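Sending over a structure as structure tokens; questions will come in a sec.
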Amino acid sequence: MKREAEDDGGKVVHFIRQIINRDIENGKNAGRVITRFPPEPNGYLHIGHAKSICLNFGLAEEYGGRCHLRFDDTNPVKEEQEYIDSIIKDVRWLGFDWGEHLYFASDYFGQMYECALQLIRAGKAYVDGLSGEEIRRYRGTLTEAGVNSPYRDRPIDENLDLFERMKDGEFADGEMVLRAKIDMAHPNMNMRDPVMYRILHASHPRTGDAWCIYPMYDWAHGLEDSIEGITHSICTLEFEAHRPLYDWFLDALGVYHPQQIEFARLNLTYTIMSKRYLLQLVKDGVVAGWDDPRMPTLSGLRRRGYTPAAIRDFSERIGVAKRDSIVDIQLLEYCLREDLNKNSPRVMGVLDPLKVVITNYPEGHVEEFDAINNPEDELAGTRKVPFSREIYIERDDFMQDPPKKFYRLAPGREVRLRYAYYMTCTEVIKDEKSGEIIELRCTYDPESRGGYTQDGRKVRSTIHWVSVPHAVDATVRLYDSLLTIPDLAEADKKDYMAYINPDSLKTLSHCKVEPSLRDKLAGYRCQFERKGYFVMDSDSDPTAGVLVFNRTVELRDTWARIAQAGE
RNA sequence: UGGGGUGUCGUCCAACGGCAGGACACAUGACUCUGGAUCAUGGUAUCGGGGUUCGAAUCCCUGCACCCCAGCCA
């Protein structure tokens with residue numbers, strides 16, 4: 001039975017959908033739904049932004065409306081073209097399209113200026129000559145009312161003159177600001193005569209040196225929404241206390257008035273989501289860059305091998321609400337595996353090779369076995385995998401003294417080599433000095449060709465392998481979470497660096513993978529059977545035989561859990 | 001301490017006066033040429049105290065906890 005809180009797509013009718021449904025019923029905005037995703041180009045987009053992107057673009061799609069991609073580029077000292085480019089790339093990669101509707105707040109600087117003039121003429125804005133420090137003092141505190149600036153009642157003509165001279169560059173940074181004249185005793189601090197314009201003699205990535213005054217967020221944002229005819233202006237919770245201001249400016253101007261709706265931003269366990277911290281990780285060289293596969297940035301996730309479909313699915317599953325929350329990263333990984341399981345070709349790769357000589361297999365002989373490319377997808381077909389007398393197997397698929405629950409290879413024990421033969425371990429060869437196992441001697445059963453025998457005897461385990469003479473060398477990077485604790489908000493220390501995982505990256509440089517991987521390109525995603533999902537990294541140079549794989553996510557590993565529980 | 005918000009399984013989201021449900025996670029079992037996938041089963045929640053009502057997660061009162069706001073950041 002379909003639940004009331006779900007629509008036909010099985011999606012939860014969260015509070016924003018409810019608002020929109022109600023608006024449509026009431027004929028508000030003539031039933032139109034126009035949303036926007038308004039990033040500030042001061043960093044790379046991360047998984048938290050993905051929630052907002054999916055929400056805004058998704059809602060527009062659902063209701064037959066549209067979503068604008070709008071850069072909120074009102075602060076040239078922090079913003080860069082590099083960020084604009086990356087944001088465009090990332091939103092596209094996620095699978096969304098804004099058609100003609102790419103906008104920049106800076107495109108409206110002229111209109112905003114005119115609107116400011118209108119407020120000044122209406123006696124609702126004034127040029128203040130107080131210093132930054134003085135403005136702060138005059139603002140009061142959470143419990144004490146503020147005090148009016150001595151410049152608050154400047155005559156309109158003087159305000160007009162001063163504001164024009166601000167624009168014309170007659171003053172230095174910080175010398176003057178334009179403020180809205182609201183109420184210095186307002187219990188909401190945001191309403192105590194907020195600054196509308198500040199002087200910034202900085203070059204803007206788009207407008208260059210055309211302006212030296214730049215609008216503040218509160219003044220600019222509602223205006224941008226209004227100009228574009230946005231119906232539902234969706235933002236995060238911290239802007240809730242700014243809504244009265246959003247409304248005040250639009251009402252004071254008497255212009256079209258979109259509705260601001262706030263929802264809780266995404267937090268993920270073991271993940272840093274603060275733009276400031278992420279920037280610091282990049283600048284301090286803790287990670288290799290914004291697209292380091294350990295980063296929660298979209299470019300990092302992409303390089304890690306995440307798929308847009310998995311991220312979109314995740315965004316829907318986490319829901320939308322107003323309470324602060326932290327989503328278990330395992331849900332993201334679940335969505336990822338679900339997509340990858342259906343769509344990733346299987347391949348054999350040995351991460352930590354242990355050489356095996358099959359003593360009763362003819363020397364120099366090679367045969368090929370058919371391997372299924374994807375058991376979840378018949379259309380994916382099969383491929384040939386070469387087999388020979390010497391193979392590599394995974395070092396931890398063998399144990400000298402196995403515990404009861406370990407049923408892989410051990411002395412005297414028989415296992416199945418995937419798609420090939422049954423094989424029994426007959427001898428363990430160790431390094432005389434270190435005692436390290438350096439090679440295994442095994443025998444195979446010729447009757448088990450293809451992985452079955454007539455007698456129907458059972459082998460408990462199937463392991464993967466790669467033929468020694470056919471093996472291709474590869475470097476494999478194993479990633480773990482960047483943080484050692486699930487929630488930074490509950491950290492004891494203020495310094496987040498104390499919680500950075502020193503083992504977030506492990507590089508294995510002597511891995512052996514099957515030859516079919518030789519002709520793949522960077523970005524190629526596959527599953528190394530029994531090991532996890534991997535993607536060929538851009539550091540690879542397949543034509544030169546340099547293969548580098550990033551582990552996207554591990555397979556669910558029941559044995560690892562048993563082994564850990566046994567300790 | 002002023003203002004604005006939020007409190008439901010371990011986590012996230014539902015239930016909008018009528019049997020607290022789903023997903024992830026966890027546990028157990030079945031199946032399996034990936035200890036993968038799949039399937040089955042199971043446990044765990046309404047912040048506290050009052051009240052209204054036949055009936056309260058939902059309405060009222062009261063208390064408590066947590067988050068946001070004192071940038072010329074967004």
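If A:TRP93 meets every condition in (1) out of contact with any Lys or Arg (no Cβ under 7 Å at 6 or more places or on another chain); (2) aromatic (Phe, Trp, Tyr); (3) open to solvent by 10 Å² or more (accessible area, probe 1.4 Å) apart from one, which number is that one?
That leaves (1) as the condition not met.
Going by the structure shown, is A:TYR392 more than 27 Å from A:SER509 (Cα to Cα), of a type in the set (Phe, Trp, Tyr) and away from RNA strand B (no atom under 11 Å from the Cβ)?
Values: more than 27 Å from A:SER509 (Cα to Cα): no; of a type in the set (Phe, Trp, Tyr): yes; away from RNA strand B (no atom under 11 Å from the Cβ): yes.
No.
Of everything in segment A:287-338 that's open to solvent by 50 Å² or more (accessible area, probe 1.4 Å), assigned to a loop (DSSP other than H, G, I, E, B) and more than 10 Å from RNA strand B (Cβ to nearest atom), which residue is nearest to A:THR552 (Cα to Cα)?
A:ASP291
Can you list residue pairs whose Cβ atoms sit under 9 Å apart, with the first residue in segment A:397-420 being on the phi > 0 side of the Ramachandran plot and the second being open to solvent by 50 Å² or more (accessible area, probe 1.4 Å) and not aliphatic (A, V, I, L, M)? Count only pairs 6 or more apart in sequence or on different chains.
A:GLY412/A:THR426; A:TYR419/A:ASP370
Quick one: count up the residues across segment A:461-497 that are at pLDDT 95 or above, outside any loop (DSSP other than H, G, I, E, B) and not basic (Lys, Arg).
Final tally of qualifying residues: 16.
For segment A:210-229, check the following and say yes or no: at least one residue is free of Cβ contacts under 8 Å to residues at least 60 places away in the same chain, more than 13 Å from RNA strand B (Cβ to nearest atom), under 32 Å from the mean Cα position of the chain (by Cα) and in a strand (DSSP E or B).
No, that holds for no residue.
Another one. Inside segment A:131-151, can you point out the residues that are surrounded by 16 or more Cβ atoms within 10 Å (Cβ to Cβ) and over 42 Å from the mean Cα position of the chain (by Cα)?
Taking segment A:131-151 and keeping what is surrounded by 16 or more Cβ atoms within 10 Å (Cβ to Cβ), we get A:135, A:138-140, A:146, A:149, A:151.
A:SER149, A:TYR151 - these are the residues of segment A:131-151 that are surrounded by 16 or more Cβ atoms within 10 Å (Cβ to Cβ) and over 42 Å from the mean Cα position of the chain (by Cα).
If you don't mind, there's one more thing I want to ask. Could you please find all residues in segment A:164-187 being open to solvent by 50 Å² or more (accessible area, probe 1.4 Å) and within 17 Å of A:TRP219 (Cα to Cα)?
Correct list: A:LYS167, A:LYS181, A:ASP183.
Need the failing condition index for A:SER52 against (1) open to solvent by 60 Å² or more (accessible area, probe 1.4 Å); (2) closer than 19 Å to A:HIS232 by Cα; (3) in contact with a Pro (Cβ under 9 Å, 6 or more places away or on another chain), just the number.
Only one criterion in (1) open to solvent by 60 Å² or more (accessible area, probe 1.4 Å); (2) closer than 19 Å to A:HIS232 by Cα; (3) in contact with a Pro (Cβ under 9 Å, 6 or more places away or on another chain) is unmet by A:SER52, namely (1).
Has segment A:423-439 got at least one residue that is surrounded by 20 or more Cβ atoms within 10 Å (Cβ to Cβ), away from RNA strand B (no atom under 14 Å from the Cβ), outside any loop (DSSP other than H, G, I, E, B) and of a type in the set (A, V, I, L, M)?
no
For A:SER233, indicate whether it is of a type outside the set (A, V, I, L, M), part of a helix (DSSP H, G or I) and surrounded by 15 or more Cβ atoms within 10 Å (Cβ to Cβ). First the steps, then the outcome.
Numbers: of a type outside the set (A, V, I, L, M): yes; part of a helix (DSSP H, G or I): no; surrounded by 15 or more Cβ atoms within 10 Å (Cβ to Cβ): yes.
No: the conditions fail for A:SER233.
Here's another thing I want to ask about it. Residues of segment A:135-149 being of a type in the set (A, V, I, L, M), within 8 Å of RNA strand B (Cβ to nearest atom) and within 11 Å of A:MET189 (Cβ to Cβ), which ones?
Within segment A:135-149, the subset of a type in the set (A, V, I, L, M) is A:135, A:142, A:145, A:147.
Subsequent filtering for residues that are within 8 Å of RNA strand B (Cβ to nearest atom) retains A:135, A:142.
The one that is of a type in the set (A, V, I, L, M), within 8 Å of RNA strand B (Cβ to nearest atom) and within 11 Å of A:MET189 (Cβ to Cβ): A:LEU142.
Would you check which residues across segment A:243-282 are open to solvent by less than 40 Å² (accessible area, probe 1.4 Å), over 30 Å from A:ILE485 (Cβ atoms) and within 13 Å of RNA strand B (Cβ to nearest atom) and list them?
A:LEU245, A:TYR246, A:GLN260, A:ILE261
Report, ordered by the first and then the second residue, all pairs with beta carbons closer than 8 Å, sequence separation of six or more or different chains, a first member in segment A:50-73 that is within 14 Å of RNA strand B (Cβ to nearest atom), and a second member that is among the hydroxyl-bearing types (Ser, Thr, Tyr) and assigned to a helix (DSSP H, G or I).
Cβ pairs passing all conditions: A:LYS51/A:SER315; A:CYS54/A:SER315; A:LEU55/A:SER315; A:PHE71/A:SER106; A:ASP72/A:TYR217; A:ASP73/A:SER106.
Here is a further query. Could you count how many residues in segment A:446-486 are over 40 Å from the mean Cα position of the chain (by Cα) and open to solvent by less than 30 Å² (accessible area, probe 1.4 Å)?
Going through segment A:446-486 one residue at a time, the tally reaches 4.
Still on this structure: Please name all residue pairs, on different chains or six or more residues apart, with Cβ atoms under 8 Å, provided the first residue is in segment A:483-499 and is over 18 Å from A:ARG265 (Cβ atoms) and the second residue is loosely packed, with under 11 Cβ neighbours inside 10 Å and basic (Lys, Arg).
A:TYR499/A:LYS493
The values are calculated or read from the model by the stated rules, or taken from the named source; none is laboratory data. Since the model is a prediction, treat every value here as computed from it, not as a measurement. Neighbour counts are summed over all protein chains in view; Cβ atoms, including those assigned to glycine, are modelled from backbone coordinates with ideal geometry. Note: areas computed on protein heavy atoms with side chains; ligands, DNA, RNA excluded. Shrake-Rupley method; radii C 1.70, N 1.55, O 1.52, S 1.80 Å.
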